[in-house]
Each structure stands twice: as structure tokens, then as C-alpha cells.
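The values are calculated or read from the model by the stated rules, or taken from the named source; none is laboratory data. The structure presented is a predicted model; accordingly, all values stated were derived computationally and were not measured. We place every Cβ from the backbone using ideal geometry, glycine too, and count neighbours over all the protein chains shown. All accessible areas refer to the heavy atoms of the entire protein, side chains included, with ligands and DNA or RNA removed. Shrake-Rupley method; radii C 1.70, N 1.55, O 1.52, S 1.80 Å.
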Amino acid sequence: MGQQQETVALVAGGAGFIGSNLTDALLARGWRVLCLDNFLTGRYDNLRHLEREPRFDILDADVTEPLPPRLTRSGRRISYIFNLACAASPPHYQANPEHTLLTNVLGTWRLLGLAQAHGARFLQASTSEVYGDPETHPQRESYWGHVNPTGPRACYDEGKRAAETLTFDFLRAQRGDVRVARIFNTYGPRMRADDGRVVSNAITQALSGDDITLYGGGEQTRSFCYVDDMVDGLMRLMLHEDPYRGAINLGNPEEITVQNLAARVLRLTGARSGVTFRPLPIDDPRRRRPDISVAEKVLGWRPRVSLDTGLKRTIAHFSGVAREAAMIPLKRRGSVKPPA
Ligand SMILES: NC(=O)c1ccc[n+]([C@@H]2O[C@H](COP(=O)([O-])OP(=O)(O)OC[C@H]3O[C@@H](n4cnc5c(N)ncnc54)[C@H](O)[C@@H]3O)[C@@H](O)[C@H]2O)c1
């Protein structure tokens, strides 16, 4: 009897919020995991508990640059590549928009090439932002979107759209087995406190006794998916054996106003803070709710964790983490080098 081959997964963006939670789940399955990250928004702290894990390795690399030779030339065969590399929150991805766009386009192209070289299955983490400010509700995969291609969010939205295009071009050219997840708002432990997103903002402000800042009138809606549910959806999408030739929405269809979210955070933290309002940022979507009927049918997936349960776990995380540790400055990325 030959020895069973070890399953190796590469998680690009594995030091980030979703990537580090995914890494834990892959290791729990008995897989070996290579995390490739430039630590732009990812944090070593998210992976510190794996310091002594022999099946885990970190490569400090930027996907806009040629990939480390260790990945391309030799070493173990990689069976699965999850591409989560890209800052996900507006203040972070807008800090260097050129780098964000190239992370999505050039980075996805490089990782698709790597997947082809290894014969690995490739999963692209796309986003509900490909729908822009949607004119249909809820958003189905068949909706082509309403994106401003020249606005300040375009580096992310259009970058992710181009990354989807590249991924499906690879499929059409029969260069690999690919999957695309359109991820809707996800929250949970290991989010950065300074990422400017409504859940982390509301929790950190409430815990510090500050008023919660809401943008616009607070009537815009979001649908929040707890990170464990998202990781489960990503795993199912990667592992299902009957390839579905389209992107799949992953998110929680329970839609609430951000004002309602703030009220829940105040209740669950017991904070006595109030709420202050600021103008809505440019191109901020007004409504967001995924139609997840494809994920339910194809993957047998739907979120299980209620918003109150997920918020309690996230509040516990932020209460335990020193604020400074959650807010270490972003690593500076200089100008982007031209493609090699
Ligand atoms: N969190 C959400 O609500 C959400 C929603 C939609 C889509 N997504 C997508 O899921 C993925 C993970 O999101 P997240 O919330 O964990 O964000 P995150 O910022 O915590 O993680 C992104 C990771 O990618 C790394 N990274 C960024 N640019 C890189 C580059 N050029 N080379 C190598 N590594 C790079 C960062 O350092 C970080 O570790 C992203 O692709 C994001 O677009 C997330």
C-alpha cells in the first residue's frame, strides 16, 4: 500500500481576516497550508498560534511581483489555491489604488498560472462589489452590476470584475478548474479594528464608550455573514466535484439597516453611547442582500450563525485584543513595479 499523498493548499491573503480563519479550517482537515501574504492588511498575530504547526508555512510575498521560485520550481504539488489576496476595506484598498487594481489583475493572473503549473484547483474570492450600487434587489449572480468605473472604489470593484474575467477565461481555455465566490459582507474575530467597516467600527466605538458613527441616515442596508459560515461556504465551493460554470454568491440573506446593527451592538455591549451621523461616502451602495439560491442548490450551503451570536463572539474578540494590536499601521507599499 502506498502512502497517502498529503493535500497541500496555498492561501494567498492567508494572514488576513477571512484567510487566517480559512487556514485554521484547512489545517483542521489535516491539510498542509502555505500562506502567501505581503502583510499589507494581514497580521502576523492572526497566525501566531500556528508558530509550532509543522504543516503550516508562511511566504512573505506580493502577488503583483513574480511569485517566489520555491512555489514555481520545486517543492510539493499544490492541489488547491485560494486567492484571497486583496485589502477588502475601502480606506485600505484606496490607500494605493494602483496596487489594489494590480493585486486583482496581475496577482490573479500569476496565481492562475501557478494553478495551471501545479494542476491545482483555483478559487477566486470575488465580492458583492461587482454589483456596484445595484438596481435589482436582492442581487442574483445573473445581474451584471452597476459599477462606476472611474470612481474611488473602482480599483477594487473593477479589479475584482477583471479578476473574474481572467478566471473564467482560464476555464474557457481549459487551462484549469476554477471557482468564483462572490463574498458579501463578512464579520467576525480577526477583523482589523481600523478597517473602517461598520461592524468593527460600531463594536470598537461602543467598547471605548464613544458614540457609534453611521454614514448617511443609517437607513442603508447590509447583510452580515459570520466568518465561520463564510469559511464553510468557501470550502464547499472548492471541494464540490460537479463544477458549476459561474460565480456563486456567498453571504447571509438576513438584511438589516446599519442603524439596527448599531442598536444591537449597543445592546450586546451594554454601552451607553449614542449614534452620530456623517455624510455617505461616494458610491456607497444603499442596499445589499445576496440571493443565495444557487449556493443552496449547488453547495447545500446556507449560513447557520445568527447575527446576535456572531456579534457576541466578535465583541468578545475585540474586548480581548488590545486596541493597538488590532490597529498596527499598514505596511507601506511603494510604487508598483512594472510586470516582469
Ligand atoms: N470581508 C469581507 O466582508 C469581504 C467581502 C467581499 C469580498 N472579500 C474578499 O475576501 C478576501 C479576504 O478579505 P478579508 O476581509 O480577509 O481582507 P483582509 O484585508 O483582512 O485580507 C486580505 C489579505 O491579503 C493580503 N494582501 C493584500 N494585497 C496583497 C498582495 N498584493 N500580495 C499578497 N497579499 C496581499 C493582505 O495583507 C491581507 O492579509 C479579499 O480578496 C476580499 O476582497 C471580503
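Before moving on, here are some points about what is shown:
- All conditions in (1) open to solvent by 20 Å² or more (accessible area, probe 1.4 Å); (2) outside any helix (DSSP H, G or I); (3) not hydrophobic (A, V, I, L, M, F, W, C) hold for Asp228, with the sole exception of (2).
- Criterion violated by Ala163 - all others in (1) away from the ligand (no atom under 13 Å from the Cβ); (2) open to solvent by less than 30 Å² (accessible area, probe 1.4 Å); (3) within 20 Å of the chain's Cα centre (by Cα); (4) not polar (S, T, N, Q) satisfied: (1)
- Filter pass, Leu280 being more than 30 Å from Phe168 (Cβ to Cβ) and surrounded by fewer than 16 Cβ atoms within 10 Å (Cβ to Cβ): yes
- Spans of helices (runs of 4 or more DSSP H) in segment 47-137 with at least 3 residues of a type in the set (A, V, I, L, M) and out of contact with any Phe, Trp or Tyr (no Cβ under 6 Å at 6 or more places or on another chain): 97-118
- Test: residue in segment 196-205 that is within 12 Å of the ligand (Cβ to nearest atom), assigned to a helix (DSSP H, G or I) and open to solvent by 20 Å² or more (accessible area, probe 1.4 Å): yes
- The residue pairs whose first member lies in segment 45-58 and is over 15 Å from Gly75 (Cβ atoms), whose second member is among the aromatic types (Phe, Trp, Tyr), and whose beta carbons are closer than 6 Å, counting only pairs six or more residues apart or on different chains, are Leu50/Phe56.
- Each residue in segment 140-160 was checked for being more than 24 Å from Ala85 (Cβ to Cβ) and open to solvent by less than 60 Å² (accessible area, probe 1.4 Å), and 1 pass.
- Checked against the criterion of being of a type in the set (A, V, I, L, M, F, W, C) and loosely packed, with under 15 Cβ neighbours inside 10 Å, the candidates Ala28, Ala61, Ala87 yield just one match: Ala28.
- Residue among Leu40, Leu102 that alone is within 16 Å of the chain's Cα centre (by Cα), within 15 Å of the ligand (Cβ to nearest atom) and open to solvent by 20 Å² or more (accessible area, probe 1.4 Å): Leu40
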